[in-house]
Amino acid sequence: MLERIGERPKDKILEVMNVFRADPREKKIDLSVGIYRNSEGATPVMRAVKIAERRIWEEQETKAYTGLAGDPEFADAMCSLILGDDAEPPRIAAAAAPGGTGAVRQAFELIRMENPDAAVWVSSPTWPNHVSILHHLGMQMHEYRYFDGDTCSVDFPGMMEDLAGVGKGDVVLLHGCCHNPTGANLKPVEWQAVADLITAVGATPMIDIAYQGFGDGLEDDATGTRIIARSCPEALIAASCSKNFGIYRERTGLLVGIVPETVRKATVQAAFSHFNRQNYSFPPDHGARIVTMILQDSGLRTEWKSELEEMRRGMLSLREQLASELQRATASNRFGFIAEHRGMFSRLGVTSEQVQRMCERHGIYMIGDSRINIAGLNSDTVPILAQAISETCI
Ligand code: LMR
């Protein structure tokens, strides 16, 4: 049987990461995979995480299984981080998952099982792995307009026009904040209009929130998700702790279901646990325990928030520096949107040939659609990138 296995499509993001690693040039810049890096290019373990891990090591007395849905305290702590005062415990079902991607996968499977006719509507563009998982599961998918390549901002009228055509029972996948790959985000009033439209057409919103705290701050980045949670009768949320807690390899995520008032929460909760059991049984616990400890302990929480804020501000200042270097280098405001975008990514809106040329000539690696990871830069490499863009793309 194994001899029949053929080549699988390569992941666009991980492929660039691998080619970068294999490039022997000394001077090269990696702006590919979405991993936070500090000005020295390192991805350190966050201070609060280190302390929490030490405490867990000292205090933990067993590694026996938790529940199938993970530790309920993790779900509670994360739900209040994401939903704030909009968290209504009687309407929330939640299960820990292996990373945000694990939660996305569980949500998609749940949709397929409960409504095999449902199509999932994704933004054009979206994180390539959304599309890949949907294809893998053989699910129907449609795109709605999202990014206007000319202005490098959200095409809100186009988005609303497309969402008006969503079928009853379909699912609309939205990025909670820091849109990946574009960096262009909805304003609160636009979120409200989207929530009202999704409700009017009888669809279910699904939020993928993987960068809370990387855009405008922990609270502001949750605005869209909270609007959806309080405006729509039901919603699915896939949350990741990889980036904002810097615990990528611990695979820590949460699937949340906001349950309609007419439905028993216990039934949905049992379905979430059942899905975990079928796919991987008990979810990983170490990362979830770290997150729970940090969110529950006021000292650790303060420390974590302040480091997260340092990271966020660092990315914002790199954005501003890049936008102004580009203004100087190109004598135009063509790339002014970089300072307006939020989160780790911006899509530059240049061609894949230009991306390729920047790689060959300057050793600068970005995704083929011209997505850059802002956190892959530092104040010394920003002028190098700006120069490369102006030489290659103007
Ligand atoms: C990214 O978009 O680069 C990150 O979400 C990492 C990944 O797994 O693709």
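The values are calculated or read from the model by the stated rules, or taken from the named source; none is laboratory data. Nothing here was measured: the structure is a model prediction, and the numbers come from that model. Methodologically, a virtual Cβ is constructed for each residue, glycine included, from the backbone with ideal geometry; neighbour enumeration extends over all protein chains shown. Ligands, DNA and RNA are stripped out before the accessible areas are found, and what is left, the full protein with its side chains, is counted by its heavy atoms. Shrake-Rupley method; radii C 1.70, N 1.55, O 1.52, S 1.80 Å.
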Between Glu61 and Asp85, the FRET efficiency computed from the C-beta separation at R0 = 30 Å comes out, to the nearest 0.05, as 0.30
Taking the dipole of the chain about the Cα centre (Lys, Arg +1; Asp, Glu -1; charges at Cβ), the one of Pro9, Gln192, Thr262 that reaches farthest to the positive side is Pro9
Taking N as the number of residues in the range 241-394, the ratio of its alpha carbon radius of gyration to 2.2 N^0.38 Å works out to 1.42
Compactness summary of the chain: radius of gyration and Dmax from Cα atoms, Å, are 21.0, 62
Counting only protein heavy atoms with a 1.4 Å probe and every protein chain in place, the carbon and sulfur fraction of the accessible surface of the chain in whole percent equals 50 percent
One finds the C-alpha centres of the range 364-394 and the range 57-93 to be spaced, in Å, by 40 Å
Taking R0 as 25 Å and r as the Cβ-Cβ distance between Glu73 and Asp220, the FRET efficiency 1/(1 + (r/R0)^6), rounded to the nearest 0.05, comes to 0.45
For Glu320 the rounded accessible area (nearest 10 Å², probe 1.4 Å, non-protein molecules ignored) is 110 Å²
To the nearest Å², the heavy-atom accessible area per residue of the chain with 1.4 Å probe amounts to 46 Å²
On the formula 1/(1 + (r/R0)^6), with r taken between the Cβ atoms of Asp297 and Leu2 and R0 of 56 Å, the FRET efficiency rounded to 0.05 is 0.70
If every Lys and Arg gets +1 and every Asp and Glu gets -1 at its Cβ, then about the Cα centre the range 49-296 yields a dipole, in debye to the nearest 20, of 740 debye
Reduced to Cα centres, the span from the range 152-182 to the range 244-301 in Å works out to 26 Å
In this structure, among Lys12/Lys265; Lys187/Lys243; Lys28/Lys187; Lys27/Lys243; Lys28/Lys243; Lys27/Lys187, pairs with alpha-carbon gaps over 28 Å are Lys12/Lys265; Lys28/Lys187; Lys27/Lys187
